[in-house]
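Following: one structure in structure tokens, then a few remarks.
The values are calculated or read from the model by the stated rules, or taken from the named source; none is laboratory data. From a predicted model like this one, the values you see are computed outputs, not experimental measurements. Glycine gets a Cβ as well: all are built from the backbone with ideal geometry, and neighbour counts include every protein chain shown. Side chains included, ligands, DNA and RNA excluded: accessible areas come from the protein's heavy atoms. Shrake-Rupley method; radii C 1.70, N 1.55, O 1.52, S 1.80 Å.
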Amino acid sequence: MLELKHIDKTYNPGTVNELCFFRDFNLTIDDGSFVSVVGSNGSGKTSMLNIICGSIDIDGGQLVMNGEDISRQKEFIRHRKIGRVYQNPAFGTCPDMTIMENMSLADNKGKSYNLTRGANKARREEYREMLVPLGLGLEDKLDIKVGSLSGGQRQALALLMSTMTPIDFLILDEHTAALDPKTAEIIMELTGRIVAEKKLTTVMVTHNLRYALEYGDRLLMMHEGHVILDKAGEEKKKLKLEEVLHKFDEISIEAGN
């Protein structure tokens, strides 16, 4: 379970650019839940993810993960239990290293490297088998540098790498936004399959309202640091795209987007 309790966060405090993003913000995400988060630009979606991952500090409140207060825990420690896929496919992989080397790095997440080789050749066939279900031909490109892959191939690899080691939470930060529509569909199908197979508690920020409705068992809409729509289970299944779009248009116009 992930709990955000009475979170306060202000950017540039005491300056003319002071901006209060969260004031007494509360949110609970149950184990095994797949939460889709939508909202206009500046609504607090990505800031919330950054708070969860430890990329930005909070001014007040608590962040509790599986009963442990991790509010002051360093980002690299949190990432032992959190997998994150970013909007930019380049952020989740090392372009000058091969697929084999990238997967070896991900495979050693949270472990000590000591003075052994970074790439575990004994795992080569296992890595190949992991890549086959992606359906992108990456299993035959293990020795190809990741920088030469397409954006969709890199994002698929980043998604796979983020879930190779046991994690408690998967964070998806608009991970299809930089992709063409056809590739985005492939990545979303892959996302749904991985989340279901590994039973991952997942938070996905997206601008695609259709994806927000089709994927996950809970939908949140945020606006100015508040959750203004929260539908889960059967209530979410009954939501129509037109309803969500109308609400989204209202807040977008209010926010000047």
>> Over the chain, what is the relative contact order in percent, taking alpha-carbon pairs closer than 8 angstrom and at least six residues apart?
In response: 27 percent
> Working out 0.36 nm times the residue gap between ARG210 and THR28, then minus their Cα-Cα distance, what length gain in nm do you get to one decimal?
Replying inline: 63.2 nm
> How much FRET efficiency would the formula 1/(1 + (r/R0)^6) give for HIS226 and ASN66, where r is the Cβ-Cβ distance and R0 is 25 Å, rounded to 0.05?
Replying inline: 0.45
> What is the extension gain from ASP140 to THR15, computed as 0.36 nm multiplied by their sequence separation minus the C-alpha to C-alpha distance, in nm to one decimal?
Replying inline: 39.6 nm
> Around ILE58, what is the net charge, scoring Lys/Arg as +1 and Asp/Glu as -1 over all other residues with Cβ under 15 Å from its Cβ?
Replying inline: -1
>> Test of the criteria: in the stretch 161-214, which trypsin sites (Lys or Arg not before Pro) are in a DSSP loop and have at most 11 other Cβ atoms within 10 angstrom of their Cβ?
In response: LYS199
> Using modelled backbone amide H atoms (1.01 Å from N, in-plane), which distant-in-sequence or interchain residues come within less than 5 Å of ARG84's amide H?
Replying inline: ILE171
> Counting only the backbone N, which residues of the stretch 26-67 are under 19 Å from the spot 7 Å out from the Cα of ASP8 toward its beta-carbon?
Replying inline: 26-27, 48, 51-52, 56-64
>> Need one value: the accessible area of LYS247 in square angstrom, 1.4 angstrom probe, rounded to the nearest 10.
In response: 70 Å²
> How much of the accessible area of the stretch 159-237, probe 1.4 Å, is carbon plus sulfur, in whole percent?
Replying inline: 51 percent
> Per-residue ellipticity at 222 nm for the chain, helices alone: DSSP H runs ≥ 4 residues times -39500 (n - 2.57), over residue total, nearest 500 deg cm²/dmol?
Replying inline: -9500 deg cm²/dmol
> In a GNM of the chain with a 10 Å cut-off on Cα contacts, which of LEU63, LEU27, LEU200 has the highest mean-square fluctuation?
Replying inline: LEU27
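Taking 41 Å as R0, compute the FRET efficiency from the Cβ-Cβ separation of LYS237 and GLU129 and round it to 0.05.
My answer for the efficiency is 0.75.
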